[in-house]
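Reviewing the structure listed below.
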Amino acid sequence: MCIVDCLIFYYRFQVTNTPWGEKVMFTFQPGSDLVAKPLHVSPFMDMLGNWSIRANAPGDNLYVAIAVQHPTLGNYFTAALDAKLVGQTNDSVKLATFFWLMPHKVAAGIYWEAFRLWLKNVRFLDHPRYLSGSYRSEALKRDLEIRSSCSFLHQKPRESIGRSGTATTDETAENSNHQNYKDGGGSIGARWCVWTDAQWPWC
């Protein structure tokens, strides 16, 4: 996160795809942003979707929501995090143990749901590196096209994801939160995005 004179210029997001040992870090605009999917995170989702990300300024509370926007399937998946800052208490050891186990609990739940989908004969999708060695550069190209066109700024009415996880109509938030990504010269640069290997325990 970059902060100058109490203004947040951008957030830095980190995503890890546990089974494949990859990690990607990229920046996105405060409030909301649309990012071309840069990482294979599920064997049930292709790389054609875009991530619509909404986040508030971090403080005592942090809320982040990511919705997948697919060109043919529409908005079919949403994940949200609603976190609250916990101070020092007498139960700090118990809380530390609870939070240490939480990622493992989430991972177990993800694998369980994947197993249920496999039982239903849902088709597995190979990692894109087996299909095209340039999938990362292709993701950056799609992202630059999104930012250059800014077409997503004019979609009305727009469905945004609230804290309840339900879609609500919001016609003004997108235009007020998104930026044109232009520098002083009027050009549009590529989003800062870095891929690295994630070692065990993939963090």
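Pairing residues of the range 9-28 that are on the phi > 0 side of the Ramachandran plot and touching a residue at least 24 places away in the same chain (Cβ under 8 Å) with residues that are in a strand (DSSP E or B) and among the charged types (D, E, K, R), at Cβ distances under 8 Å and at least 6 apart in sequence or on separate chains, gives GLY21/ASP197. Taking the range 30-50 as the range and being outside any loop (DSSP other than H, G, I, E, B) and polar (S, T, N, Q) as the test, the residues that pass are SER32, ASN50.
Quick check on the range 114-122. Is at least one of its residues outside any helix (DSSP H, G or I) and in contact with a Phe, Trp or Tyr (Cβ under 9 Å, 6 or more places away or on another chain)? Yes: the range 114-122 contains one or more residues that are outside any helix (DSSP H, G or I) and in contact with a Phe, Trp or Tyr (Cβ under 9 Å, 6 or more places away or on another chain). For the range 123-172, a residue qualifies if it is aliphatic (A, V, I, L, M) and either at pLDDT below 55 or not in a loop (DSSP other than H, G, I, E, B) (or both), and the qualifying residues are ALA139, LEU140, LEU144, ILE146, LEU153, ILE161, ALA167.
State which residue is surrounded by the fewest Cβ atoms within 10 Å (Cβ to Cβ) when the search covers only the range 111-125 and only residues that are within 22 Å of the chain's Cα centre (by Cα) and in contact (Cβ under 8 Å) with a residue 40 or more places away in the chain. Among those that are within 22 Å of the chain's Cα centre (by Cα) and in contact (Cβ under 8 Å) with a residue 40 or more places away in the chain, it is PHE124. Among residues of the range 81-92 that are among the β-branched types (Val, Ile, Thr), those with a Cβ under 9 angstrom from a residue that is modelled with pLDDT of 70 or more and in a helix (DSSP H, G or I), sequence gap 6+ or separate chain, pair up as VAL86/LEU95; VAL86/PHE99; THR89/LEU95.
The values are calculated or read from the model by the stated rules, or taken from the named source; none is laboratory data. Computed from a predicted structure; not experimentally measured. FYI the Cβ positions are ideal-geometry reconstructions off the backbone, even for glycines, and counts take in every protein chain you see.
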